Amino acid sequence: MWAELLPVGRSAASGGYRRFAWNSADAECRAWFEQQARSRGLTYELDRNGNQWAWLGDPRGQGAVVTGSHLDSVPDGGAFDGPLGVVSSFAALDELRARGAEFDKPLAIVNFGDEEGARFGVACIGSRLTAGVLSREAAYELRDADGLRLPDAMEKAGYDPTAIGADDERLARIGAFVELHVEQGRHLAEGQPVGVAGAIWPHGRWRFDFHGEANHAGTTRIEDRRDPMLTYANTVLAARKKARLAGALATFGKVAVEPNGTNAIASLVRGWLDSRAADERTLTELVAEIERAAAERGERDGVRVELTRESYTPVVDFDGPLRDRLAKLLDAPVLPTGAGHDAGILASAIPTAMLFVRNPTGVSHSPAEHAEEADCLAGVAALADVLEDLACQ
């Protein structure tokens, strides 16, 4: 399974992956998922939001145990973030069948769509829609870098966007969701190969629009310029400093410039801020300080600054009894994480938990992302034990 997925959507130039929602690489991943489901005799299902499901047992039964993750990537991302969880889910089912496990609850494997938000700017779109965290109306307004709306992209890829929205009836049938994921950090580096997630830091994405005045780079005096690039650059530095002082995280990882000419002063710079903190108050205060620093510098530069919050996820404490049950079953450490996941979105609606597989370098969202095969197999065994404990007699 791993070998089949490795070449899909991989850039020959960077070695990273470009599996974005509803593009051709995404279509290949989706076809792979469907084939894996059908080859195992599972009931394949596509829900109203484009998420893929593979069911063992009655899809309409109650108390279902669900596992899975996502197959999309960030721009030039690594091979493990998302796909490890999906591949491990199918492998864990194979392991349980080899053990002769007898299921007394429905079991499902899911591939949630557009978890990374690389195309439309909002993370976890598939699970957000399902949980009602993202409304149909708001989803219809999302556009990619080319101005194509989300529903139009879905339709172009052969999917019906008219039914997207909250899926309360589906969630009501799920008793627990467990997501396996490569660790995005090094808590496990010197310890056990598998850990259990305790909580997810609150996090969000904000778009800063710096409005200046386009002009000629070779004829406009320095004192006559209204250059938004200066304000943007100062804001990036301010964000780094203020995040460090707050013990939090702030990253400007995406930028768009208009008119984007070498010999032109920009008229507009858009910068996207990703910020995370251990608690919501710290995060709120940090973003406010960054906004204040941007506005103060903008006043000096003659640049108008606008801030738009594009997405936000509050602190997620995974279901305590389920978390403790899995930690005891696996004799595994409980770890915090600053990364968002589909499990974090669903946690407000159903009991959820996460397993982490050791990442020796801690590198993620990069082609250098890695986990050793032995640790991946330990993750499969751990997930199989968890599913057996939750779904079998």
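Structure above, values below:
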| quantity | calculated |
| --- | --- |
| Cβ-placed point charges (K, R +1; D, E -1), dipole of segment 12-168 about Cα centre in debye, nearest 20 | 220 |
| Carbon and sulfur %, accessible surface of the chain computed with the full protein complex present, 1.4 Å | 49 |
| Degrees separating the helix 83-99 axis from the principal Cα axis of the chain, which is the longest one | 10 |
| Candidate aspartates and glutamates for bridging to Lys242, where Cα separation is under 16 Å - those fewer than 8 sequence places away on the same chain excluded | Asp274, Asp279, Glu280, Glu285, Glu289, Glu291, Glu296 |
| Pairwise label distance in nanometres, Arg143 with Ala368, each label 7 Å out on the Cα-Cβ vector | 3.7 |
| Hits among lysines - C-alpha to C-alpha of Lys241 under 27 Å, sequence gap 8 or more where chains match | Lys254 |
| Total formal charge among the other residues, if their Cβ is under 13 angstrom from that of Ala343, Lys/Arg +1 and Asp/Glu -1 | -3 |
| Neighbour net charge for Gly113 - beta-carbon separation under 9 angstrom, K R +1, D E -1 | -3 |
| Whole-number accessible area per residue in Å² for the chain, which is evaluated in the context of all protein chains at 1.4 Å | 43 |
| 13 Å beta-carbon shell around Phe90, net charge (K/R +1, D/E -1) | -1 |
| Computed over segment 27-123: relative contact order in percent, which uses C-alpha pairs under 8 Å that are six or more apart | 34 |
| FRET efficiency, 1/(1 + (r/R0)^6) with R0 41 Å, evaluated for Thr219 and Thr361 via beta carbons | 0.25 |
| Sequence-separation-based contact order of the chain, relative, with Cα cut under 8 Å and 6+ spacing, percent | 23 |
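The values are calculated or read from the model by the stated rules, or taken from the named source; none is laboratory data. Note that the structure is a prediction, hence the values are computed from the model and not measured. Don't worry about glycine lacking a Cβ; one is built from the backbone with ideal geometry, like all the others, and counts go over all protein chains shown. Ligands, DNA and RNA are excluded from the accessible area calculation, which covers all protein heavy atoms including side chains. Shrake-Rupley method; radii C 1.70, N 1.55, O 1.52, S 1.80 Å.
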